[in-house]
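The structure under discussion appears below in the form of structure tokens.
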Amino acid sequence: MAKDASSSSTSLVSRTVVVDGEISGEENLHVDGRVKGIIRLTGDLVVGSAGVVEAEVDARNVIVQGSITGKVVAHRQFEVQASGRFNGECAAASYEIRE
């Protein structure tokens, strides 16, 4: 996944944080905690191995190492890594699902 100069900073939802509501922004987001609701980003979303997302997601690239449940729109790439789990519907320009 290529870096984009317009979203070079990354926000973090750490393991002990729970967010219930809407997150939106112009940077990248790394989730190691829990997010339930809506995530809208012009940057990338990375769900870390401890991360749990139950949300409607709209982001440039979405990388799943943890768990996502919901509707996902990835404007470029949607990637589910070996440790990742996805349950829902997804629209993306390209998909990568690892063993």
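The values are calculated or read from the model by the stated rules, or taken from the named source; none is laboratory data. Bear in mind the structure is a predicted one, so any value in this text is a computation, not a measurement. So basically every Cβ, Gly included, is an ideal-geometry build from the backbone, and we count neighbours across all protein chains shown. Note: accessible area is taken over every heavy atom of the protein model, side chains too, but ligands, DNA and RNA are not part of it. Shrake-Rupley method; radii C 1.70, N 1.55, O 1.52, S 1.80 Å.
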Phe78 accessible area, assembled protein chains, probe 1.4 Å, Å²: 10
FRET efficiency, 1/(1 + (r/R0)^6) with R0 22 Å, evaluated for Ile97 and Asp20 via beta carbons: 0.15
Rounded to the nearest 20 debye, dipole of the chain from Cβ charges on Lys, Arg, Asp, Glu: 160
Selection from Ile23, Ser8, Ile63, by position along the positive dipole direction of the chain (Cβ): Ile63
Computed accessible area, Glu22, all protein chains, 1.4 angstrom probe, square angstrom: 110
Rough spin-label spacing in nm, given labels placed 7 Å along Cα→Cβ, for Ile38 and Ser11: 1.4
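Contour minus end-to-end for His75 and Glu56, with contour as 0.36 nm per residue of separation and end-to-end as the Cα-Cα distance?
Contour length minus the Cα-Cα distance gives 5.5 nm.
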Share of carbon and sulfur in the accessible heavy-atom surface of the chain [1.4 Å probe, %]: 47
